[in-house]
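Q: Structure incoming, see below.
The values are calculated or read from the model by the stated rules, or taken from the named source; none is laboratory data. Worth saying up front: this structure is predicted, and the values here are computed from it rather than measured. Virtual Cβ from ideal backbone geometry, glycine too; neighbours counted across all protein chains shown. With ligands, DNA and RNA removed, areas are computed over all heavy atoms of the protein, side chains included. Shrake-Rupley method; radii C 1.70, N 1.55, O 1.52, S 1.80 Å.
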Amino acid sequence: MLAKRLDNLHPYVPGEQPKDRVYIKLNANENPYPPAKEVGEAVAAAVKSQPEKMGLYPDPDANELRAAIADMINQSGGVLSNKNARIPFTVTPDMIFCGNGSDEVLSFVFYTFFDSDRPIVLPEHTYSFYPVYCGYYGIPMDRVPLKSNWSLDTEKMIADANTSDSATIFANPNAPTGIALSRDEVAAMIRRCPKDKAFIVDEAYCDFGEESCIPLLAEFKNLVIVRTFSKSLSFAGQRLGYIIANPELIQSVFTVKNSFNHFPVDFLTQTAGIASCKNWSYYAENACRVKEERQSMTEFLRARGWFVIDSQTNFIFAKKDGLEGEKVYQTVKKAGILIRHFSTPGIEEFVRISIGTKEQMDSLKEAMKDL
Ligand SMILES: *Cc1c(COP(=O)(O)O)cnc(C)c1O
């Protein structure tokens, strides 16, 4: 009865959302701060003053939202936690595509840019949804192991992309390591990879780092940057993600979207998303707080003999010799805190800890101090 293609599906397993007690959730890289109060107000006002809009189809192309995203990027410079970030040109709404969370946006990206006749190049350890979509669309993978210092093996990735004339995808900063390539390093990669194949950079965590690759769009017509509202914009429950790329590529993604679901972003999400963009400076302050807590937690663990990778994200990836990640996870769970461990070979020793508020991190430190 079931289609054969289901044999190729290996669904993504998200961070657990248990109902048995109230946990401090540091396992899904969600933002610990609530949305700006203006976001709730905008939604309430829309429901009250224009309830008929909930019964009508939304703007299929989310034009006002795309303009608001462009404004936010131009004003903030593309990295919320870095006041010195600048984009040397003006990002225009026709460079933006919005979808129902960046997971959906990534699905459109895989469909638009990757063929099944050759493997895409990606790191062995990166966002675990990419292999899921490869199974879904029947796209072969060339998974390049990380270097011994856990950063991307860019030389091997470039060599492989040229050998098989392939597209490339990775998260920058990468997950679950938290390590970012600099913009210059990414530019050097794109310059040496096939020019007629898409080069995808997933900037889900970029607002907690130092540099965005958005400025590279002026030089590289094949660069596609994917971003999400889920992490830095406290929007994981609302579902909103977007692409920034050159307008011709964006048009191709629209063709794919309009062949699948004409209206991915609903009216209330568009309303809330626009209000979020207008209040970006509130989120910028929160991202800076996350960076401070990240530094504090890193120092706390290092002082106790842990190996902690320097992170440019809202989580840290850490291990201690002789301790299994699962053991650490179980210990802090008993204290009412959820973090993430992995059964993926090569990273079983690690835990991934999302950075919460100061109070949440103080509780975690208490739970981990004797480990
Ligand atoms: C969280 C995350 C996403 C997904 O974000 P959503 O917009 O919530 O679907 C995409 N890529 C990476 C690397 C992520 O960590």
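Q: Filtering the stretch 231-249 down to residues that are within 15 Å of the ligand (Cβ to nearest atom) and open to solvent by 10 Å² or more (accessible area, probe 1.4 Å), which residue is nearest to residue 170 (Cα to Cα)?
A: The selected residue is 231.
Q: On to the next question. Does residue 106 satisfy the criteria of being within 16 Å of the ligand (Cβ to nearest atom), of a type in the set (A, V, I, L, M, F, W, C) and assigned to a loop (DSSP other than H, G, I, E, B)?
A: no
Q: I would also like to ask the following. Return the pair list, or none, for Cβ contacts closer than 6 Å from residues in the stretch 97-117 that are in contact (Cβ under 8 Å) with a residue 12 or more places away in the chain to residues that are open to solvent by 40 Å² or more (accessible area, probe 1.4 Å) and within 13 Å of the ligand (Cβ to nearest atom), at least 6 apart or on different chains.
A: As it stands, the answer is 100/239; 101/239, since those pairs meet every condition given.
Q: Which residues, counting only those in the stretch 205-225, are open to solvent by less than 50 Å² (accessible area, probe 1.4 Å), not in a strand (DSSP E or B) and not acidic (Asp, Glu)?
A: Our first condition is that a residue be open to solvent by less than 50 Å² (accessible area, probe 1.4 Å); within the stretch 205-225, this holds for 205-209, 212-217, 220, 222-225.
After this cut, where a residue has to be not in a strand (DSSP E or B) as well, the list is 205-209, 212-217, 220, 222.
205, 206, 208, 209, 212, 213, 214, 215, 216, 217, 220, 222, listed by residue number.
Q: I'm trying to understand the selection: among the residues of the stretch 187-225, which are more than 29 Å from residue 269 (Cβ to Cβ) and within 16 Å of the ligand (Cβ to nearest atom)?
A: Correct list: empty.
Condition check ((1) within 16 Å of the ligand (Cβ to nearest atom); (2) in a loop (DSSP other than H, G, I, E, B); (3) more than 22 Å from residue 187 (Cα to Cα)) across all residues:
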position	(1), (2), (3)
227	yes, no, no
251	no, no, yes
269	yes, no, yes
276	yes, no, yes
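Q: Go through (1) within 16 Å of the ligand (Cβ to nearest atom); (2) within 16 Å of the chain's Cα centre (by Cα) one by one and return the number of the condition residue 78 breaks.
A: (1)
Q: Counting just the residues of the stretch 141-160 that are touching a Lys or Arg at 6+ places or on another chain (Cβ under 7 Å) and either outside any strand (DSSP E or B) or open to solvent by 50 Å² or more (accessible area, probe 1.4 Å) (or both), which one comes out nearest to residue 123 (Cα to Cα)?
A: Kept after step one, since they are touching a Lys or Arg at 6+ places or on another chain (Cβ under 7 Å), are these residues of the stretch 141-160: 144, 153, 158.
Among the residues that remain, those that are also either outside any strand (DSSP E or B) or open to solvent by 50 Å² or more (accessible area, probe 1.4 Å) (or both) are: 153, 158.
On the way: 153: 8, 158: 11 Å.
Here the answer is 153.
Q: Condition (residue is open to solvent by 40 Å² or more (accessible area, probe 1.4 Å), on the phi < 0 side of the Ramachandran plot, in contact with a Leu (Cβ under 9 Å, 6 or more places away or on another chain) and within 12 Å of the ligand (Cβ to nearest atom)) applied to the stretch 174-181: is it met by at least one residue?
A: No: zero hits.
Q: Also: Can you name every residue in the stretch 129-140 that is open to solvent by less than 20 Å² (accessible area, probe 1.4 Å) and in a loop (DSSP other than H, G, I, E, B)?
A: 139
Q: So which residues in the stretch 308-325 are under 21 Å from residue 286 (Cα atoms) and not in a loop (DSSP other than H, G, I, E, B)?
A: 315, 316, 317
Q: Under 6 Å between Cβ atoms, which residue pairs at least 6 apart in sequence (or on different chains) link something in the stretch 50-79 that is in contact (Cβ under 8 Å) with a residue 40 or more places away in the chain and closer than 13 Å to residue 264 by Cα with a partner that is among the aromatic types (Phe, Trp, Tyr) and buried (at least 16 other Cβ atoms within 10 Å of the Cβ)?
A: 58/267
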